[in-house]
Amino acid sequence: MQYVTLNNGVEMPLLGFGVYQISADDTERAVSDALAAGYRLLDTAAAYGNEEAVGRAIKSSGIPRDDLFVTTKLWLQDAPAEDNTRPAFETSLTKLGLDHLDLYLMHQPFGDVYGQWRAMENLHREGLTKAIGVANFYPDRLLDLTLNNEITPAVNQIETHPFFQRADYQDLMREHGVQIQSWGGFAEGKNDLFTNPLLAEIGEEHDKTVAQVVLRWLTQRGVIAIPKSVRAERMAENFDVFDFELTDEQLARIAALDTGASLFFDHHDPEIVAWLAKRRLDA
Ligand SMILES: NC(=O)c1ccc[n+]([C@@H]2O[C@H](COP(=O)([O-])OP(=O)(O)OC[C@H]3O[C@@H](n4cnc5c(N)ncnc54)[C@H](OP(=O)(O)O)[C@@H]3O)[C@@H](O)[C@H]2O)c1
């Protein structure tokens, strides 16, 4: 496995396993399969409703805690989030059956963002999470948070795939010490990603699949990837991406696929903001 060093010195695997949209019933088996395939970075969220199942798979794996890198995410909290964030964190930790996290992310750039961040800074200072970061922050909000708080987010987990590549934003994040992590690295298959002719052609040049080309393209750029699959054979395929290198010419061809726009939702869209703002999780 290759690792990246976060801005606080913590080492994070460049490739992991995401569990969004895996039902609570399927998650324990999926995570057990992923751990058996070699994944050590697990990415869940309070909002996914499957933290307990992730925790059961971790426990039954017998893998030493220090060998794992576990991320979960804080859902939107109302003000004063300084008071509400710690119980939400403790609920996640209990569900996961852990005594600390490796990375705690603010899931959305909404709610009482400053209160949430101050509470997360405290959790980090107390050693309850080795790193803290954010997700879905666009440049304006990331800079505002970074420049006006003590701790710079270690990671920003954002939609990043061949059709929305975020190269300029990655440069800006690098300038500020924020590590980019991709969600939806396969665009969840949108735009017929898995049969894209250009990606398939590049795959043939390396005897690799489209999925492997995409994951190599992300990781070669220094973007942390967390592909999701419920199928063991795909988990193995997605893990086998470090034995080839894309050439500059191939990278340039992939760059041409960028549309510069989200395939999911725009966090600047007032309707999206209102929709997310309404959603609160049960404990
Ligand atoms: N922070 C956020 O707001 C946010 C948002 C979305 C996602 N995420 C994180 O990012 C992770 C990844 O994103 P995602 O789950 O949205 O989507 P994704 O990884 O882009 O795509 C998953 C889809 O690709 C299929 N797939 C996986 N490997 C494949 C392969 N080798 N060949 C063909 N199809 C394959 C899966 O099907 P099967 O399962 O049937 O194999 C599934 O339909 C999530 O699980 C989550 O941890 C975070």
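The values are calculated or read from the model by the stated rules, or taken from the named source; none is laboratory data. Model, not experiment: these values are computed from the prediction. As a convention, Cβ positions derive from the backbone with ideal geometry for all residues, glycine included, and neighbour counts pool all protein chains shown. All accessible areas refer to the heavy atoms of the entire protein, side chains included, with ligands and DNA or RNA removed. Shrake-Rupley method; radii C 1.70, N 1.55, O 1.52, S 1.80 Å.
A compact table of results
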| read-out | value |
| --- | --- |
| Whichever residue in the range 235-283 is polar (S, T, N, Q) and surrounded by 15 or more Cβ atoms within 10 Å (Cβ to Cβ) and, among such residues, is nearest to Glu201 (Cα to Cα) | Gln250 |
| Residue, most open to solvent (accessible area, probe 1.4 Å), within the range 106-116, restricted to residues that are free of Cβ contacts under 8 Å to residues at least 60 places away in the same chain and within 16 Å of the ligand (Cβ to nearest atom) | Val113 |
| All positions within the range 11-31 that are more than 9 Å from the ligand (Cβ to nearest atom) and surrounded by fewer than 18 Cβ atoms within 10 Å (Cβ to Cβ) | Glu11, Ser23, Ala24, Asp25, Asp26, Arg29 |
| Every pair of residues 6+ apart whose Cβ atoms lie under 6 Å, when the first sits in the range 42-67 and is away from the ligand (no atom under 14 Å from the Cβ) while the second is open to solvent by less than 10 Å² (accessible area, probe 1.4 Å) | Gly55/Leu96; Ala57/Val31; Ser61/Leu35 |
| Any hit, the range 167-175, residues being surrounded by 21 or more Cβ atoms within 10 Å (Cβ to Cβ), more than 8 Å from the ligand (Cβ to nearest atom), modelled with pLDDT of 95 or more and in a helix (DSSP H, G or I) | yes |
| Criterion: part of a helix (DSSP H, G or I) and either away from the ligand (no atom under 14 Å from the Cβ) or hydrophobic (A, V, I, L, M, F, W, C) (or both) - qualifying residue of Asn149, Asn84 | Asn84 |
| Conditions (1) polar (S, T, N, Q); (2) assigned to a loop (DSSP other than H, G, I, E, B); (3) away from the ligand (no atom under 16 Å from the Cβ); number of the one not met by Thr94 | (2) |
| Residue match in the range 67-77 (condition: assigned to a helix (DSSP H, G or I) and closer than 23 Å to Gln181 by Cα) | yes |
| Some residue of the range 15-23 being at pLDDT below 95 and closer than 19 Å to Ser229 by Cβ | yes |
| Candidate set: the range 206-227, residues that are in contact (Cβ under 8 Å) with a residue 60 or more places away in the chain and surrounded by fewer than 22 Cβ atoms within 10 Å (Cβ to Cβ); chosen: the one farthest from the ligand (Cβ to nearest atom) | Gly222 |
